[in-house]
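Read-outs throughout are calculated quantities, based only on the coordinates presented, and are distinct from any laboratory measurement. As the structure is a prediction and not an experimental result, all values here were calculated from the model. A quick note on method: Cβ atoms are made from the backbone with ideal geometry, for glycine too, and the neighbour counts reach across all protein chains shown.
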Amino acid sequence: MQQHSFVKFVDNVDLVYLSVPKVASSSISHAMLMQSKFSTSEIGEHSELGKALTNRRPIDLRYPKLPVFTFVRHPVDKFVSYFNNKFIQARKSGFELIHLKQLGFDPFMSIDEVVEHMITIPVEDMEHHGQPQFRILCNSGVLNS
């Protein structure tokens, strides 16, 4: 699976954000991105330039000693959002994330079928939007801070 970074910080913002997918992370990332002196409203938080400006790095690399914040969501609510966004919306045009198909998912699976199939996949192999929040917030059992 592609290595995805969840640590975000930008110039002019004295905070480090641990970005948890499906927990308003795009909105928070966008707000932070807009504070960068190099940003413009045309740059999306998911674009390569947007990712570069938010200094996305693997969680195990050091980041500035700044206050760290994150948001979490009730796991069931997070999963329903994931299912609606990544499966229901994919029924018209297919998966936006190739990894879901590689993991054996189909956009037309019911929510029960997705749950049944998901529990057969090792957590470290799950597509990052569907991974449990602890995978982002903890490293070797220790809360990232």
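Normalised by the number of residues in the chain, what is the relative contact order in percent for Cα pairs under 8 Å and 6+ residues apart?
Working: 164 pairs, mean separation 37.6, N = 145.
Result for the chain is 26 percent.
Where in the chain lies the longest segment free of trypsin sites (Lys or Arg not before Pro) that are both loop residues by DSSP (not H, G, I, E, B) and have at most 12 other Cβ atoms within 10 Å? Walk me through the intermediate numbers first.
Working: sites that count: Lys37, Arg62, Lys65.
With a cap of 12 other Cβ atoms within 10 Å, the longest stretch comes to 66-145.
Hey, of (i) 21.0; (ii) 19.0; (iii) 16.3, which did the structure itself give for Kirkwood radius over Cα pairs in Å when calculated?
(iii)
Report the one residue of Met109, Leu66, Gln131 whose Cα lies farthest in the direction of the positive end of the charge dipole of the chain (charges on C-beta: Lys and Arg +1, Asp and Glu -1; origin at the Cα centre).
About the Cα centre, the residue reaching furthest to the positive side is Leu66.
Once you place label points 7 Å from the Cα toward the Cβ at Asn139 and Gln35, how far apart are they in nm?
2.1 nm
Using a 7 Å offset from the Cα along the Cα-to-Cβ direction at both Phe71 and Ile119, what is the distance between the two label points in nm, to one decimal?
Those two pseudo-labels are separated by 3.0 nm.
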